[in-house]
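Some notes on the structure that comes next.
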Amino acid sequence: MKYAIIIPDGAADEPQEELGGKTPIEAAHTPAMDAVAARGRVARACHTPPELPAGSEVGNMSLLGYDPLTNFTGRAPIEAAAQGIELGSEDWAIRCNLVTIQDQTMRDFTADHISTEEAQELLATAQAELGGDGLEFVPGVSYRNLLLWRGAQRAAPFTMDMRATPPHDLTDKSILHDFPRGPGSDELNRLMAATAELFAEHPVNLRRLAVGKLPATHVWLWGIGRAPKLQPFAEAFGPRGAIITAVDLLRGLASLIGWQRIEVPGATGYTDTDYAAKGRYAVQALQEQDLVCVHVEAPDEASHEGDCAAKVRAIEEIDRHVVAPLLAALEATEDWRLMICPDHPTFLRTKTHTHGAVPLALAGSDIQPDAFDRYGDTHAAQTDLAFDAGWQAMRWFIQDA
């Protein structure tokens, strides 16, 4: 049996007035996704329990078959795993976004899509001036970076009760009431304020301002946690897996569950990603792997920017360049299954992740079709097949459907 999973991150949404009352998935031209729905079954799944953040860290853990209520220990430790960083029993990892804050408002949670090279310069300054003695600023990709707090060298005042708002949930909003809070938050707020002073006249920001770009004014610290322990996917479910993604969060989850990570040139984690390259690499990977998972961040990024047209285009690109070639490749084999499912809804109206069900479609050589002939939010809401604990959908997909 060959398996494929396609994750259009954040694609689920509400009906949009500008789309004639349709959701972005329903307004998009998606013949391949509709073919999956027509040849198989439509369901809905909730991957974001109300007790936990409605983010990709929780949603994707659930989507891959792991109960986040028992396995989730924070977002940043998952991203640390993506970089091969080992966390000791006393260590904490913290997401360290470079952001643009102006007039106490989150002007841009990506610092105007700052380059990786610029981020490295800024974090090198932060490390030189603020780091050491167990405090490590670790560059990642663009605005997405990490702060490591090595507890054996620097006593950690944190507990899992500490909370901080993800910066992408604050777009164009006041930040006054969303700084880190709870045990240890004073330390993080001090560091955030210190970086604002360091970055104010930094050469990187002066160069950006000179060419009309927004500066990276602060680091924003959030997603704190400790190292999780997840059962290997092959041990839990059977198939050997591989993932294609441009996002460290998914790379980290793949590392933690024993999946191969396939890096695709041109994959950016944004709406300008090379969708066709992702599709080609996925088809090639099927020749060696039992299961291939393709994660595409673009719909989520468009949602955070409140760009309805870009979200529809991203869904159409996923359909044309990822779903269609994977479906064709699978149909050329004898035994196969394909699942399409976002990790969570991301509303254009609020520009944020939200709790709630997402549409799931499954087709395969041994799957009997139901009455639905299209993939989308409305059909999923009408089906009797629902996974309120979304993590249970993976076993259904692999074994029980």
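Read-outs throughout are calculated quantities, based only on the coordinates presented, and are distinct from any laboratory measurement. Treat the numbers as computed from the prediction; the structure is a model and nothing was measured. Quick reminder, even Gly has a Cβ in these numbers, built from the backbone with ideal geometry, and neighbours come from all protein chains shown.
Altogether, the Stokes-Einstein calculation at 10 °C and 1.306 mPa s, with the Kirkwood radius of segment 82-225 over Cα pairs as Rh, returns a diffusion coefficient of 104 µm²/s. The label point for residue 116 and the one for residue 200, both projected 7 Å from the Cα toward the Cβ, are 3.2 nm apart. Remark on residue 347: its backbone amide H falls under 5 Å from those of 352, 354, a criterion applied only to residues 5 or more positions apart or on other chains, H modelled at 1.01 Å from N.
Over the C-alpha atoms of segment 176-234, the Rg to Rh ratio, Rh being the Kirkwood estimate, stands at 1.19.
The distance separating the Cα centre of segment 76-102 from that of segment 295-356 comes to 26 Å.
Annotation note: trypsin sites (Lys or Arg not before Pro) in segment 183-231 located in DSSP loop regions with a Cβ neighbour count of at most 10 within 10 Å are 229.
Residue-wise HN-Hα couplings along segment 318-334, as the Karplus relation 6.51 cos²θ - 1.76 cosθ + 1.60 with θ = phi - 60° gives them from phi, are 4, 4, 6, 9, 10, 5, 4, x, 5, 4, 5, 5, 5, 5, 7, 9, 7 Hz; Gly and Pro carry x.
Close amide H pairs (under 5 Å, H built 1.01 Å from N) link residue 225 with 76, 93, residues at least 5 positions away or on another chain. Of the residues 186, 373, 248, the one that moves most in a GNM of the chain with alpha-carbon contacts below 10 Å is 186.
Near residue 151, within a Cβ-to-Cβ distance under 15 Å, what is the net charge of the other residues, with Lys and Arg +1 and Asp and Glu -1? So the surrounding residues net to -3. If you take all other residues with their beta carbon under 12 Å from the beta carbon of residue 342, and give Lys and Arg +1 and Asp and Glu -1, the sum is -4. Of the GluC sites (Glu not before Pro) in segment 1-95, the ones in a loop by DSSP (not H, G, I, E or B) with at most 15 other beta carbons within 10 Å are 51, 86, 90.
Each Cα pair under 8 Å and six or more residues apart adds its sequence gap; the mean of these over the residue count of segment 82-225 is a relative contact order of 34 percent. Close amide-amide hydrogen proximity is noted between residue 97 and 145, 220, 222, each under 5 Å apart and 5 or more residues distant or on a separate chain (H modeled in the peptide plane; Pro and chain starts excluded).
Rounded to the nearest Hz, the phi-derived 3J(HN,Hα) couplings of segment 258-266 under the Karplus curve 6.51 cos²θ - 1.76 cosθ + 1.60 (θ = phi - 60°) are x, 8, 6, 9, 10, 8, 10, x, x, where x marks glycine and proline. Coupling constants for segment 374-389 follow from the phi torsions by the Karplus curve (6.51 cos²θ - 1.76 cosθ + 1.60, θ = phi - 60°), and in residue order they are 9, 9, x, 5, 5, 4, 4, 5, 8, 6, 7, 8, 10, 10, 5, 9 Hz; glycine and proline get x.
Pairs from the table (173/213; 173/311; 229/311; 278/311) lying more than 27 angstrom apart at Cα are 229/311. Relative to the compact-globule estimate of 2.2 N^0.38 Å, the Cα radius of gyration of segment 193-312 comes out at 1.39. Reducing segment 1-31 and segment 162-241 to their Cα centroids gives an inter-centroid distance of 28 Å. Sparse packing (at most 15 other Cβ atoms within 10 Å of the Cβ) combined with a DSSP loop state is found for the following GluC sites (Glu not before Pro) in segment 306-399: 334.
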